[in-house]
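Peer 1: Structure provided below as structure tokens; questions to follow.
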Amino acid sequence: MSEIAKLKRLERFETELKMTWSNGTENKVAYTDLRYWCPCAKCSPRRDSEELASNLNAEISSLRNAKPDVDKVGGYALHFEWSDGCSSGIYRFERLWDLALSKDPDGGRKFVHGAW
């Protein structure tokens, strides 16, 4: 795992959040992208094929684009609580860093059930 900057500040706007990192980098991530890249066991397998991913995108598009509540999980992740849709994912800071840089946070890997 590569070294990433520490998340110093998070600001929630109407359709996106802004993250400020310890190295001075500032990034914005749309809430629709956060929902699509949810790392939970329900959402992750839905990105494993084009058809499933298309269905996931359609479902997300049908939801209201609202600000989620955000909770820190230990010193390593954030949890987003949506008023609708999935709220199960725990987003490690590395995942948020990849999303902020428009990278695939799954690294092209398909979802694997079971222990890591």
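Every read-out reported here was derived from the displayed coordinates using simple, explicitly stated rules and does not represent laboratory data. None of the values given here were measured: they were computed from a predicted structure. Ideal geometry is used to build each Cβ from the backbone, glycine not excepted, and the neighbour counts take in all protein chains shown.
Peer 1: Once the piece of chain linking Asp71 and Ile90 is laid out straight, how much longer is it, given 0.36 nm per residue of separation minus the C-alpha distance between them?
Peer 2: Extra length from Asp71 to Ile90 when fully extended: 5.9 nm.
Peer 1: Which values of log₁₀ I(q)/I(0), to two decimal places, follow from the Debye formula for segment 7-100 at q = 0.10, 0.15, 0.17 Å⁻¹ with a uniform point scatterer at every Cα?
Peer 2: Log-scaled intensity ratios, in q order: -0.25, -0.56, -0.72.
Peer 1: May I pose another question? Add -39500 (n - 2.57) for each DSSP H run of 4 or more in the chain, then divide by its residues: what number comes out at 222 nm, to the nearest 500 deg cm²/dmol?
Peer 2: Helix contribution divided over all residues of the chain: -6000 deg cm²/dmol.
Peer 1: If I measure Cβ to Cβ between cysteines in the chain, which ones have no partner under 4.7 Å?
Peer 2: Cys40, Cys86
Peer 1: Report, in debye and to the nearest 20, how large the dipole of segment 7-100 comes out about its Cα centre when Lys and Arg carry +1 and Asp and Glu carry -1 on their Cβ.
Peer 2: So the magnitude is around 300 debye.
Peer 1: Please give every one of the lysines within straight-line cross-link reach of Lys8, meaning a C-alpha to C-alpha distance under 26 Å, and leave out same-chain neighbours fewer than 8 residues apart.
Peer 2: Cα-Cα hits under 26 Å: Lys18, Lys28, Lys67, Lys72, Lys103.
Peer 1: At R0 = 25 Å, how high is the FRET efficiency between Thr25 and Ser49 if r is their beta carbon distance? Nearest 0.05 is fine.
Peer 2: 0.15
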